[in-house]
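Data block below; observations after.
Every number here is computed from the coordinates shown, using simple stated rules; none is lab data. Every value quoted in this text rests on a predicted model; they were computed, and no experiment measured them. We place every Cβ from the backbone using ideal geometry, glycine too, and count neighbours over all the protein chains shown.
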Amino acid sequence: MAGKETLYFTKEHEWIEVVGEDYVRIGISDYAVEQLGDVVFVELPELNGQMTVEEAFSTVESVKSSSEIYAPVQGTITKVNDLLEDEPEKLNDSPFNEGWIVEVQASEKLNTGEWMDAKAYDQYVSEL
Amino acid sequence: MIEKKEMLIFEQSKPGRIAYSLPDNDVETYDLAAELPEHLSRKVAAELPEVSELQLMRHYTALANKNFGIETGFYPLGSCTMKYNPKINEDVARYDGFTAIHPLQAPETVQGALQLLYELQEDLKQVTGMDEICLQPAAGAQGEWAGLLVFKAYHAANGEGAQRRTILVPDSAHGTNPASAAVAGYDVVEIKSNENGTVGVEALKSALGPDTAGLMLTNPNTLGLFEIDIVEIAEIVHEAGGLLYYDGANANAILGKSTPGEMGFDVVHLNLHKSFSTPHGGGGPGSGPIGVKSFLTPFLPNPRIEKKEAQFVLNNDYPQSIGRVKGYFGNFGVNVRAYAYIRSMGAQGLQKVSEYAVLHANYLKARLADAYDTPFKQHCKHEFVLSGLRQKKQGVRTLDIAKRLLDYGFYAPTVYFPLIVEECIMIEPTDTEAKETLDEFADAMIAIAKEVEEQPDLLHNAPTTQSVRRLDEVIAARKPKVVYQK
């Protein structure tokens, strides 16, 4: 698993790791989990389900609120992190590693240029 | 005095101890087990607690004494309108004539009850500026759902049912709004608030389209701010073919001053339990009547309560009705309290309610404006929000401030809502508090702000004066124990 500096980020605080050609792993950022507080439940999408860009594919509930997670790519969900069902706290403890949410086979060629890199993301967050 | 930890009633149980005695059976013994299907009969006795009558009384008295309510102290829970509900309305709701009747009785035999409901409908028409009222919905969210079904029936009758799929909801809305829209089968689109905390007209314009079924709005909104663009908002939603829904949760701010009808809304619900005098901290029952403009009356729930000459009747003869939404006639007792409240306050009294509610909120806001951040500078209506951002920078969160208030003897305000204000503290003092109480609360809040600077651990460790310390919400949510186990 890669470190934060190799990930891409969206303005909605999802991170994207390119793990193969048109194949990505998705989670939410350290900033996002800090804002959420202690996560108590993650509603996971169905395996082999479709993901539509900018539509919610998962809901994360914390003691404070419930937030939707938006799809950064179009494609098919090939893996789901079942660990989060019993241990949603992994999202807090390890947002970039054990707290990943899904892996997706993108249906279109990835354009990483539309996302921020870690440096740009940290800059973006510092201005919020 | 050292406070004794109250055991659960189950923990006090001793086999064979009993708190009741029944007379000898003087009818033929009936073997229930023989009549019940095998799978429905209990194999193991229910583990009910066994205690004496005195233990029972002490246990529940101890719990009751720990309770906090509006009659114990100040309860500034934003968005909840925790005001005092005059006891005379409780008396009226308990009159034999209201409690010893049955909803299945023939209408001719319950004319008084029907008259009360009919007259309450007439009063609520004036309160809301709507043309017709239905008293059935059991509470606010059910009113929203019923109102949205009216939207749906209207669009369907115009042949636009399939096309108009979207309900627009501002990002400051009560959570029930998007939830009710989803349950009614709509897609929900969120509208961003502008920097003044109200609906952005441009954002609204760009979200409106041929798919728009309507907009749900609370006015004043959850920030306690009046949507000053409401007339323009109503115009552009109507131009796009959509309808306007008024969430009446904040009606305490506008009684006798303005009506949703005048503002251009098509459907409204009121939370009678909030604004019209039913104690509502314990989770119900409530009452959430809906009102509609005349062009929507064919779709209201059946049966309608009407007056035919000198008789009050139930009329089911509305073929386009969305049907019944609640058993019988809604929560009758809550409607009786609302009627008694309206009649005892009168039109001028209700106007005073809103004047005091708004005055109290603005007074508190002004007193707290130095000690806390106020994200919106304009005058508020019945409630206002503070932000604990300044305190967060000192390592103290809004949650800590809320817990510390318990040590000062106050119920905590609503916190972390609405979601658009960081470290939000939402305060609704209501109309029924004395100035001295408002001052005591303001003094406590200011003292706490000082503690944040000087003794932040007082806040981190709060509450220290209650029967329990801080509960572990995280474990409670992640690993809930919902059944007592030995």
For this session: In whole Hz, with x marking every Gly and Pro, tabulate ³J(HN,Hα) for the range B:397-409 from phi via Karplus 6.51 cos²θ - 1.76 cosθ + 1.60, θ = phi - 60°.
Result: 9, 3, 4, 5, 4, 4, 5, 5, 4, 5, 5, 7, x
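With a cut-off of 8 Å between alpha carbons and a minimum separation of six or more residues, what is the relative contact order of the range A:1-58 in percent?
Working: 41 pairs, mean separation 11.1, N = 58.
Once divided by the residue count of the range A:1-58, the mean separation gives 19 percent.
Using only the C-alpha atoms of the range B:361-486, find the volume of their convex hull and express it per residue in Å³. Numbers along the way, then the final one.
Details: hull volume 18.0 nm³, N = 126.
That works out to 143 Å³ per residue.
Defining a contact as two alpha carbons under 8 Å apart and six or more residues distant in sequence, what relative contact order in percent does the range B:35-170 show?
Once normalised by length, the contact order is 7 percent.
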Problem set entry | Amide H within-cut-off set for B:Gly409, under 5 Å, with H built and near neighbours excluded | none
Problem set entry | Charge dipole (debye, nearest 20) of the range B:1-98; +1 at Cβ of Lys and Arg, -1 at Cβ of Asp and Glu | 760
Exercise. Which lysines, on any chain, are close to B:Lys307 with Cα under 20 Å apart, when same-chain ones fewer than 8 places away are left out?
Worked result: B:Lys125, B:Lys293
Exercise. Once you average over the residues of A:33-41, how many Cβ atoms of partner chains fall within 10 Å of each Cβ?
Worked result: 3
Exercise. Long-range amide H contacts for B:Asp373: which residues qualify at under 5 Å (H placed 1.01 Å from N, peptide plane, sequence gap of 5 or more or a different chain)?
Worked result: B:Ser387, B:Leu389, B:Arg390
Exercise. In straight Cα distance, which lysines are under 17 Å from B:Lys393, not counting same-chain residues fewer than 8 positions off?
Worked result: B:Lys450
Seminar exercise, completed: With T = 10 °C, eta = 1.306 mPa s and Kirkwood Rh from C-alpha pairs, the Stokes-Einstein D of the range B:113-195 in µm²/s is about 109
For this session: Could you tell me the largest-minus-smallest coordinate of the C-alpha atoms of the range B:1-66 on each of the three principal axes, in descending order and whole angstroms?
Result: 55, 30, 21
Problem set entry | Rg/Rh for the protein assembly as shown, where both radii come from Cα atoms and Rh is the Kirkwood radius | 0.99
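Go ahead and run the numbers for FRET between B:Tyr95 and A:Glu87, Cβ-Cβ distance against an R0 of 56 Å, rounding to 0.05. Mind dumping the intermediate values first?
Values: r = 56 Å, r/R0 = 1.00.
With R0 = 56 Å, the Cβ-Cβ based efficiency is 0.50.
Determine the dipole magnitude for chain A: charges of +1 sit on the beta-carbon of Lys and Arg, -1 on that of Asp and Glu, nothing else is charged, the reference point is the Cα centre, and the result goes in debye to the nearest 20.
Numbers: 8 positive and 28 negative charges, 57 e Å.
Computed charge dipole of chain A: roughly 280 debye.
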For this session: Please give the length that would be gained between B:Lys66 and B:Val201 if that part of the chain were fully extended, namely 0.36 nm times their separation in residues minus their C-alpha to C-alpha distance (nm, one decimal).
Result: 43.8 nm
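Defining a contact as two alpha carbons under 8 Å apart and six or more residues distant in sequence, what relative contact order in percent does the range B:352-486 show?
Values: 186 pairs, mean separation 36.6, N = 135.
The normalised contact order for the range B:352-486 reaches 27 percent.
If packing is taken as the mean number of other Cβ atoms within 10 Å per residue, what is the order of B:63-69, B:359-365, highest first? Spell out each step's value before the answer.
Values: B:63-69: 11.1, B:359-365: 20.7.
Taking the mean over residues of other Cβ atoms within 10 Å, the ranking is B:359-365, B:63-69.
What is the calculated FRET efficiency for B:Glu436 to B:Glu35, with r their C-beta to C-beta distance and R₀ = 41 Å, to the nearest 0.05? Write down the numbers at each step before the final one.
Details: r = 64 Å, r/R0 = 1.56.
Using R0 = 41 Å, I get an efficiency of 0.05.
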Seminar exercise, completed: Under the Karplus relation with 6.51, -1.76 and 1.60 and θ = phi - 60°, whole-Hz ³J(HN,Hα) for the range B:174-186, x at Gly and Pro, equal 4, x, 5, 4, x, 5, 4, 5, 5, 5, 6, x, 9
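I need the calculated FRET efficiency for the pair B:Asp171 and B:Lys87, taking r as the beta carbon distance and R₀ as 41 Å, to the nearest 0.05.
Values: r = 40 Å, r/R0 = 0.97.
Calculated value: 0.55.
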Exercise. Among the listed pairs A:Lys90/B:Lys403; A:Lys119/B:Lys392; B:Lys14/B:Lys486, which are separated by more than 18 Å between their Cα atoms?
Worked result: A:Lys90/B:Lys403; A:Lys119/B:Lys392
Exercise. With a ≥ b ≥ c the root eigenvalues of the C-alpha gyration tensor of chain B, is it rounded (a/c under 1.5), prolate (a/b larger than b/c) or oblate?
Worked result: oblate
Exercise. Can you sort B:Val483, B:Val474, B:Val92 so the residue with the fewest Cβ neighbours within 10 Å comes first?
Worked result: B:Val483, B:Val474, B:Val92
Exercise. When a footprinting reagent is the concern and you count Cβ atoms within 10 Å, what order do B:Thr128, B:Thr99 take, fewest first?
Worked result: B:Thr99, B:Thr128
Problem set entry | Simple label model, 7 Å out from Cα along Cβ direction - B:Asn461 to B:Ser294, nm | 6.8
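Rank these for me by crowding, A:Trp115, A:Trp100, going from fewest to most other beta carbons within 10 Å.
Numbers: A:Trp115 20, A:Trp100 24.
So the ranking, lowest neighbour count to highest, is A:Trp115, A:Trp100.
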Problem set entry | Percent of Cα pairs exceeding the 16 Å cut-off, where the set is the range B:205-255 | 42
Exercise. Cα centroids of the range B:413-486 and the range B:221-243: how far apart, whole angstrom?
Worked result: 34
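Between the DSSP loop rule and a limit of at most 14 other Cβ atoms within 10 Å, which chymotrypsin sites (Phe, Trp or Tyr not before Pro) in the range B:79-141 are left? Can you show the working numbers first?
Details: sites: B:Tyr84, B:Tyr95, B:Phe98, B:Tyr118; in loops: B:Tyr84, B:Tyr95.
In loop regions of the range B:79-141 (DSSP not H, G, I, E or B), the sparsely surrounded chymotrypsin sites (Phe, Trp or Tyr not before Pro) are B:Tyr84, B:Tyr95.
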